[in-house]
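Bear in mind that the values in this text are calculations on the coordinates, not laboratory data. Quantities reported herein were computed from a predicted structural model and do not represent experimental measurements. All Cβ positions, even for glycine, are placed from backbone atoms using ideal geometry, and neighbour counts span all protein chains on display.
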Amino acid sequence: MKRTFRTDAKINWYRCHVDKAVMNDLMQTSNWHGFRQALGHLGLFAITGTLAYLAYRNVHPSNWYWSVPVLLVALFAHGTVGSFMGGTACHELSHRTPFKSKVWNDFFLKLFAFLSYWDHIWFRPSHIKHHQVTTHTDYDGEVVLPQKFAFKDWKFWLGLLAWNPVETWNTYKVWLRRARGRLSDDWYKHILPETNQPLRRAHRNWARFLLIGHAVLAVTFIVTGHWFLIVLVTLGTQYCHWLGFLCGSSQHFGLSPNVPDHRLCCRTFTASPVVEFLYWRMNYHIEHHMFPAVPFVNLPKLHKLIEHDLPPTPHGLRATWKQILEIHRQQCADPNYAYVPPLPQSTGERAADVVLAREAALAT
């Protein structure tokens, strides 16, 4: 059944108070921080790829008992780093906040999008809308609550911990359709309407460039005798998504749809410096949604400023996923269940009213 999305949203979002002068400082962008993050991420991808390639070159029947495990570990690390290149790096670059220069933002956005098969042409207008109407059912097709996990499907685990060739094949099929100008679902058609032919043309051209570019790389790797680079470059973001999944799935899972308060529909958690680096600090997701013009590098500072007005922050992925799995258990029993985090007393009454209104709407 075709789904239509409304465009008349007027949502009065709650925002924590931040001094105007302080906010102006937090919104300052920096080419230095952008280069450090983007080149650091690409550098890690290159390092893990190089280690995997060297391990592959040293695999031999006489030493398979140690060389094959080393190769698998290197590939696992490479895929883990690669899993953050699309929905994480491209996400932040789509906001155009990592670099002060628009040219560098766009350059690295296209580079990361190419490596990760990311649809940045569609994603930017989609994500702008997502920020305006976050998890509001009639308006937001990017994140629809409640979400579900396929924990009982072995193919789900195959893609997280190794490589699922069916997922890769489906990715290519989607891009082949896009290269012919075909869009996959109603949200895509809403974001890329037929009335906007220049945008659709740009979308189609990007699909063709991506497919042809990766095909040329693959042929080059084979012709030059370095076919294993296909595994590291052409397919380098297609496997071992476990850490990207643990981080990215936490953003909105189990929280309340249709509420004008990002503290009730987004989740913030803290993590180790390595995880926060790979995740481009999107673990500060409430802060990012409240103030999307603040660059990723300043989100920890913003968190400290408004922490007193936020729900309790889980510390680490273990604590975060303990909460998420409990919510998942309750949602399996009651699909309408949504976790409502405790809020500070100063704003808790307003939040409670919002949730009560939502529950009353569900009851009718």
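Structure data summary
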item	result
Highest-MSF residue in the chain out of Pro312, Pro344, Pro198 [GNM, Cα springs under 10 Å]	Pro198
Phi-based couplings in Hz for the range 93-102 (Karplus 6.51, -1.76, 1.60; Gly and Pro marked x)	5, 5, 6, 6, 10, x, 10, 5, 8, 4
Theoretical ellipticity at 222 nm over the chain - DSSP helices of four or more residues, -39500 (n - 2.57) apiece, nearest 500	-18000 deg cm²/dmol
Mean-position separation - Cα centroids, the range 1-17 and the range 286-336, in angstrom	21 Å
Check: the chain dipole with +1 on Lys, Arg Cβ and -1 on Asp, Glu Cβ, in debye	1060 debye
Dipole of the range 132-268, positive end: most advanced residue of Trp163, Ile191, Leu211 [Cβ charges, Cα centre]	Leu211
Of Thr224, Thr320, Thr137, the one that fluctuates the most in a GNM where the chain has Cα springs shorter than 10 Å	Thr224
18 Å Cα-Cα threshold exceeded, pairs from Lys129/Lys189; Lys155/Lys189; Lys2/Lys173; Lys102/Lys189; Lys20/Lys304	Lys155/Lys189; Lys2/Lys173; Lys102/Lys189
³J(HN,Hα), Karplus 6.51/-1.76/1.60, whole Hz, each residue of the range 170-185, x for Gly, Pro	5, 4, 5, 5, 4, 5, 5, 5, 5, 5, 9, x, 9, 9, 7, 8
Counted charge near Leu210, where neighbours are those whose Cβ lies closer than 12 Å (Asp, Glu -1; Lys, Arg +1)	+3
Residue exposure sequence - Asp186, Asp140 - by fewest surrounding Cβ within 10 Å	Asp186, Asp140
Local net charge near Thr270, Cβ-Cβ under 15 Å (Lys/Arg +1, Asp/Glu -1)	+3
Backbone HN-Hα couplings from phi across the range 58-66 [Karplus 6.51/-1.76/1.60, Hz, Gly and Pro as x]	9, 6, 8, x, 7, 10, 4, 5, 10
Thr48, Thr195, Thr270 arranged by Cβ crowding within 10 Å, fewest neighbours leading	Thr195, Thr270, Thr48
On Cα atoms only, tilt of 120-132 relative to the major axis of the chain in degrees	20 degrees
For Tyr279, Tyr65, Tyr284, Tyr56, order by how many other beta-carbon atoms lie within 10 Å, fewest first	Tyr65, Tyr56, Tyr279, Tyr284
Simple Cβ-charge dipole of the range 1-59, Lys/Arg +1 and Asp/Glu -1, about Cα centre, in debye nearest 20	400 debye
